[in-house]
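*Asks:* What follows is a structure written as structure tokens; I'll ask about it next.
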Amino acid sequence: MAFPKKALIGFTLAGMLVGVILFAQEAKPAAAPADRGAKQTPPSTFHREDPRTMKFAELKFTPPKPERVTLENGMTVFLLEDHELPTVDAIAAIRTGSIYEPAEKLGLASLTGTVMRSGGTKDVSADQLNEELEFLAASIETSVSAEEGTASLSVMKKDLDRGLQLFANILRSPAFTEDRLMVAKNQLKEAIRRRNDVPSQLTGIEFNKLLYGSSHPLARVPTAETVDRITREDLVQFHQKYFHPNALILGVTGDFNTSEMLTKLKEAFKGWEKVAVTYPPVEEVKLEFKKSVNLIERPIDQTNVRLGQLGIKLSNPDFFPLSVMNSILGSGFHSRLVNEIRTKMGLAYAVGSILNPGERDYGNFWIQFETKPETTLKAMDAALLEVRKIQEQPVSQEELDTAKDIVLNSFVFRFSDSSQIVSRRVDYLYYGLPDNFLETYRDKIAKVTREDIQRVAKQYLHPDQFVMLAVGDSKKFDQPLSTLGEVHTIAVK
């Protein structure tokens, strides 16, 4: 495994420091005994405690709570002071997304998010914007995903006023220049041309279509034809429809005084008025479980496999036991899938399961791995067996404790700095989660029992009705894919 140069330097310095400490300890002269004739105690040897038996104090998680304010124009703002460094960071969530773009112009939302930043503003050209941000050592980024628009600012405290002014102008009055739109469209079309060249990417795209239906907004993907139909005026209209202060949540962290920051924000966004936003209806996901076996023929050395189903919404209270269940089943090196399929059977180098709860609608759950064509069916059977076992047999207390520790610790370390805390607050409000979601997460995970694991596995997992997709050379499979059911061959260019 290759490490970044900085990481290697860090490891080297850390090793040198440990060596110096140990050498100093070993080189320290022994105290002269009071009685040289007395029996001497042999010097103690360095003791290495077994890490499996080591005990640590419970990890405390008490994140600071940012101040929440709603401006007169309807913009919600989270503010959290952090004076460790002379910098300020801002993150905005805008209620928009590609789920709202017309089917004949797929790619419109993504292009809007890209050209908002790359095309400059009505007051500052794209080149001038890039030069000024570089001079200030600042950054501004914008994007639009399936269900959310985002914008971010990072700037030195001394340049905050100008940074906020540029940030506000990009959000309010992007230029959407024709030349930058053309560049963005060409880049998107090149990505479209190449996306099926990566088997894992192809697997993900086609699996979503199988789960949600190819025409559903959560599964649609742009084509060269839909991108070609998009004009500058489309971007302008999309922006005018969704980018308004009352559709925006802003989180700000860094070296500032809260009252002064509020004054600066009001000045930066002065004149940006509240506008009622009407969102087009989005087809609801039909929570159905229907087995299907699917094949995409590819003459490749490894079969890419994904098995799964529709999942839950993040608001589902069983999200917490399901998270622990998924950790035991397939999330991480301690998991059953890794232990069985990788370690014991040697069928796959990378294997795991993903619990992806939906923020607005139903998410998904899936298992993915790559294996030799000659072991495709064997590996698929092994994965399905592990799902059934976690439904039928209680997990051990050791498995449960390990999984809960991993889930809790990984959650806590997602909040290593103030900007991450505020970013999460912004997201939780954006998706309508309770105000205390962050504070109660730990307690709800800690309360998960062995009985909960078996209950949610039985209730929410449907291995006999999984959607199955294999991308590979079926002529080399160890068994015909049809042994799992009627095979639907997907033709992909």
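The values are calculated or read from the model by the stated rules, or taken from the named source; none is laboratory data. All figures in this text were calculated on a predicted structure; none of them were measured in a lab. Here Cβ is always computed from backbone atoms with ideal geometry, including for glycine, and neighbour counts include all displayed protein chains.
*Asks:* Quick one: in region 201-232, of everything that is under 22 Å from the mean Cα position of the chain (by Cα) and in a loop (DSSP other than H, G, I, E, B), which residue is farthest from residue 124 (Cα to Cα)?
*Replies:* 216
*Asks:* Next question, about the same structure. If residue 184 passes every condition in (1) touching a residue at least 12 places away in the same chain (Cβ under 8 Å); (2) out of contact with any His (no Cβ under 8 Å at 6 or more places or on another chain); (3) not in a helix (DSSP H, G or I) but one, which one does it miss?
*Replies:* Condition not satisfied by residue 184: (3).
*Asks:* Could you check how many residues of region 154-181 are part of a helix (DSSP H, G or I) and under 30 Å from residue 419 (Cβ atoms)?
*Replies:* Qualifying residue count, region 154-181: 17.
*Asks:* Could you please tell me which pairs satisfy a Cβ distance under 7 Å, a separation of 6+ or placement on different chains, a first residue in region 432-443 that is outside the structural domain of residue 76 (by TED's automatic domain parsing), and a second residue that is of a type in the set (A, V, I, L, M, F, W, C) and assigned to a helix (DSSP H, G or I)?
*Replies:* Qualifying pairs under 7 Å: 441/411; 442/408.
*Asks:* Please go through region 196-242 and give me each residue that is in contact (Cβ under 8 Å) with a residue 24 or more places away in the chain and among the charged types (D, E, K, R), ordered by number.
*Replies:* Listed by number, the residues that qualify are 206, 220, 228, 229, 232, 234, 241.
*Asks:* Please indicate, with yes or no, whether at least one residue in region 151-163 is in the same structural domain as residue 93 (by TED's automatic domain parsing), over 19 Å from residue 77 (Cα atoms), crowded, with 23+ Cβ neighbours inside 10 Å and at pLDDT 95 or above.
*Replies:* no
*Asks:* Search region 55-76 for residues that are modelled with pLDDT under 75 and pair each with any residue that is basic (Lys, Arg) and buried (at least 16 other Cβ atoms within 10 Å of the Cβ) when their beta-carbon atoms are under 7 Å apart and the residues are at least 6 apart or on different chains.
*Replies:* Taking only residues 6 or more apart or on different chains, the pairs are 61/442.
*Asks:* OK, next. Looking only at region 190-200, decide whether some residue is in a loop (DSSP other than H, G, I, E, B) and at pLDDT below 95.
*Replies:* Within region 190-200, one or more residues are in a loop (DSSP other than H, G, I, E, B) and at pLDDT below 95.
*Asks:* Follow-up. Strands (runs of 3 or more DSSP E) wholly in region 242-320 with at least 1 residues that are acidic (Asp, Glu) - which ones?
*Replies:* Passing ranges, in order: 292-297.
*Asks:* Please go through region 381-402 and give me each residue that is of a type outside the set (Asp, Glu) and more than 30 Å from residue 482 (Cα to Cα), ordered by number.
*Replies:* Listed by number, the residues that qualify are 394, 395, 396, 397, 400, 402.
*Asks:* Still on this structure, I have one more. Quick one: which of 232, 306 is under 30 Å from residue 380 (Cα atoms) and among the basic types (Lys, Arg)?
*Replies:* Answer to the check: 306.
*Asks:* If you don't mind, there's one more thing I want to ask. Need the failing condition index for residue 308 against (1) crowded, with 22+ Cβ neighbours inside 10 Å; (2) over 30 Å from residue 196 (Cα atoms), just the number.
*Replies:* (2)
*Asks:* Limited to region 111-128, what total is found for residues that are in a helix (DSSP H, G or I), touching a Ser or Thr at 6+ places or on another chain (Cβ under 7 Å) and over 23 Å from residue 97 (Cβ atoms)?
*Replies:* Total meeting the criteria: 1.
*Asks:* Would you point out the residue of region 321-351, among those that are out of contact with any Lys or Arg (no Cβ under 9 Å at 6 or more places or on another chain) and in a loop (DSSP other than H, G, I, E, B), that is nearest to residue 476 (Cα to Cα)?
*Replies:* My answer is 346.
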